[in-house]
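For reference, the structure discussed in these notes is given below.
The values are calculated or read from the model by the stated rules, or taken from the named source; none is laboratory data. Bear in mind that the values here come from a model prediction, so they are computed numbers and not experimental data. Every residue, glycine as well, gets a Cβ built from its backbone with ideal geometry; the counts of neighbours run over all protein chains shown. Side chains included, ligands, DNA and RNA excluded: accessible areas come from the protein's heavy atoms. Shrake-Rupley method; radii C 1.70, N 1.55, O 1.52, S 1.80 Å.
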Amino acid sequence: MATPNGYLTTPTKTPSEKSSLKRHQSSVDSSAKRSSRFEAYNRLQAAAVAFGEKLPIPEIVALGGQSDGKSSLLEALLGFRFNVREVEMGTRRPLILQMVHDPTALDPRCRFQEEDSEEYGSPVVSGTAIADIIKSRTEALLKKTKTSVSPNPIVMRAEYAHCPNLTIIDTPGFVLKAKKGEPENTPDEILSMVRSLASPPNRILLFLQQSSVEWCSSLWLDAIREIDPTFRRTVIVVSKFDNRLKEFSDRWEVDRYLSASGYLGENIQPYFVALPKDRGTISNDEFRRQISQVDVEVLHHLRDGVKGGFDEEKFKPYVGFGCLRDYLESELQKRYKESAPATLALLEQRSTEITTELARMDSTIQATSDVAHLRRFAMLHAASISNHVGAVIDGAADPAPEQWGKTTHEEQSESGIGSWPGVTVDVKPPNATLRLYGGAAFERVIHEFRCAAYSIECPPVSREKVANILLAHAGRGGSRGVTEAAAEIARAAARSWLAPLLDTACDRLAFVLGNLFDLALERNRSRESEYGGKSGNMDGYISFHASLRHAYIRFVKDLAKQCKKLVRHHLDSVTSPYSQVCYENDFQGGFGSNASNNKFKQVSASSFCLELSEGGAASRDETMRDQENMPPQTNSQQTTPGKGEEGREALRECQMTVPETPSPDQPCEVVYGVKKELGNFVEVGPRKRIARMAGNRNAENIRLQNGGVLLFGNGDNGARSGSAFSEICSSAAQHFARIREVLVERSVTSTLNSGFLTPCQDKLVVALGLDLFAVNDEKFMDMFVAPGAMDVLQNERMSLEKRQKILQSCLNEFKSIARAL
């Protein structure tokens, strides 16, 4: 249009037109922002379900008893029916309904998220097909898990022009009794699962209850109150409200019922909803029309069918399905907006964690394929474990002995060895009740072995055994006399009774050293956490750790075998017929002083280990009195056999010596000659042994010349033979004590220390290295890469990379949302 002056004018709008356009543009922008927020949260929810992420996404959870109308409400929110009630999909598995308002979707498009994936399948249009998919997926999962219910949800995305932007989690309905063919605990499992789904504080609870149920007799209201005591995040919906309308005649009745005063609290206002009852086959348009028609009819009845109507100003916003739908959509959008900053921060944190995990996975894959890298760090780890073993042997209080140490009783029971063989008394070394490990526990076992060894005396010898030895020598004209017979008895007893003790000592010490592996691992972990790992991260290589442990245990077992051979060799040496142990005279006096000195050795050995346990000093004397392994406190004079009071008394009975040329008429009392011989032997010393043996030979000839009257004669000689037998037993006991003392004090203790501790400190790292690393690369890699392990690692990496991409995409979307807020 031209003006009179010929110039064109720019069209202008009136102020009212500008205001209307501005409001429309603002409404469009607001709707676009809400839609973008909803889409972002929907994608985030799908990722959370697929990857098991625990993200505080605002969600609505539908709760209620079976047949309370949850399924009908879901269909009304969707705007179309899909026969959900007929398949009872909400009774056994949750269903997450992601409703997306899409104006272009004139027909509903439903897609199901694939199991264990964030991807959605192809669109499903038919309502019957939707119901079949829900039913088949539920049955398949329950069959796989062999359960009656499952918390693993089914995710369905519905895009439709007539549904709101809303996400609801439909839960199994509460039941009082299990269906036929189901486990009896099914109701309890459903209640437990629903509680778990409704407990997160980011979820809005949509609780439905039929209008025919009074608040005071509600079966499930208390269960909801346990989850949300103040109903702060609970929306209560009275379903099937049209069934109750005919009971109202006056306004006060309606208002009192709608207020639900006295039961829900002053600030809690329920919604009252009625939906179409016709379940016939109708179109989606007709279904939505019926929903709107029911709302109109309910309001019409309250206004016109009740005397005085109802308080519309107060209760009308809570009556009808349309009001509930608008409230849920606006409330969810409000929660989305409020939680966006926290969700953004959490996404950034999770994205960083996933990136770090992915980098660690890459490092693991690279390290697993690098043999030189693995060898280096495996060697460093083995060397570190060996060093910690040596440190614990040398003496350490880290880790805490109270937690990692063991008492003597615990060592005996856990090792399966039990008590010391042949020892009838309860051997309790000092510090038996303290929890020790390492070198301290090793020394305690050594001392316990001493106590056990000194608890064993020379066992009683039968007359038959003594007679067999002496008669055999006499029959062969042997040169060994009573002294040699007693020594032979002592040697046999030492081999029989001390050998099991030596084996037990080796086994107990091997158990103590075997426990050091776990202690070394704990020390290594604590050192790496304090100072940073220098030997590489070897935690994930289970097969390597198993091989390292096996190599260490084998090393300790080999040490035990070697030590058993060594101590057995020492036992064979001291019990050999060629050994001079029984004739040594290193202490004061003879054999009598030797036995007394042995007892002194017992006391000194018992005092060698410091008693540090509570009450140790007080109980020390009692222990020494009550136990055989602690010798009695006697102050007997050390005398040589044959020179003491008994010897002098015996000599007074018959002051006789063995003549050089025996008389056939002279009775032979060998015992006295033997006593004198013993006395002479001790006084003269080992240099006179040849002469002594010659004297013995003469004595033996004399006995044979006198009619073969030996130590074990009959008649008049029987009384005197008892004293001879006692003397031989006494001499054998003295020889046994001498063998035991030499074995324990001179040989075994030092052998056990050098056989166990020295190799653990000096040779362990070499032994582990030869066992684990002196192999070819293929065998070495078997400890780190099992068959198919690389494929597993690669699959894990691909899954992590996928999660990282999804979370990064969600993070970018929420950053955009945050800038628009």
Across K246/K277; K144/K805; K561/K763; K406/K428, pairs whose alpha-carbon gap is larger than 19 Å: K144/K805
What is the extension gain from L299 to A345, computed as 0.36 nm multiplied by their sequence separation minus the C-alpha to C-alpha distance, in nm to one decimal? 12.0 nm
Counting Lys and Arg as +1 and Asp and Glu as -1 over every other residue whose Cβ sits under 14 Å from the Cβ of D558, the net charge comes to +4
Listed residue pairs exceeding 30 Å between alpha carbons, taken from K179/K240; K316/K815; K70/K337: K316/K815
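Under a Cβ-Cβ cut-off of 15 Å, what is the net charge of the residues other than G79 that fall near it, where Lys and Arg count +1 and Asp and Glu count -1?
Counting the neighbours of G79, the net charge comes to -3.
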Surrounding charge for I96, neighbours by C-beta under 10 angstrom, Lys/Arg +1, Asp/Glu -1, total -1
With r defined as the distance between the Cβ atoms of S117 and R525 and R0 fixed at 35 Å, what FRET efficiency is calculated, to the nearest 0.05? 0.40
Among C810, C729, what's the order by accessible area (1.4 angstrom probe), most exposed first? C729, C810
Accessible area of E414 in the full protein assembly, 1.4 Å probe (Å², nearest 10): 100 Å²
What length, rounded to one decimal in nm, is gained on full extension from T758 through to E402, with 0.36 nm per residue of separation minus their alpha-carbon distance? 125.5 nm
GluC sites (Glu not before Pro) restricted to DSSP loop in segment 235-304 with at most 12 other C-beta within 10 Å: E266
If you stretched the chain out fully between K277 and K805, how much longer would it get, using 0.36 nm times the residue separation minus the C-alpha to C-alpha distance? 185.4 nm
Tell me the relative contact order for segment 97-214 as a rounded percent, counting alpha carbon contacts under 8 Å between residues six or more apart. 34 percent
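Sorted by accessible area with a 1.4 angstrom probe, largest first, how do Y160, Y541 fall?
Y541, Y160
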In nanometres, what is the gap between the two model label sites at K316 and S199, each 7 Å from Cα along Cα-to-Cβ? 4.4 nm
For L205, residues with placed amide H under 5 Å, excluding near neighbours: V61, T234, V235
Explain nothing, just compute: Karplus ³J(HN,Hα) = 6.51 cos²θ - 1.76 cosθ + 1.60, θ = phi - 60°, for every residue of segment 140-154 in order, whole Hz, x for Gly and Pro. 5, 5, 5, 5, 5, 8, 6, 10, 8, 9, 9, x, 6, x, 9
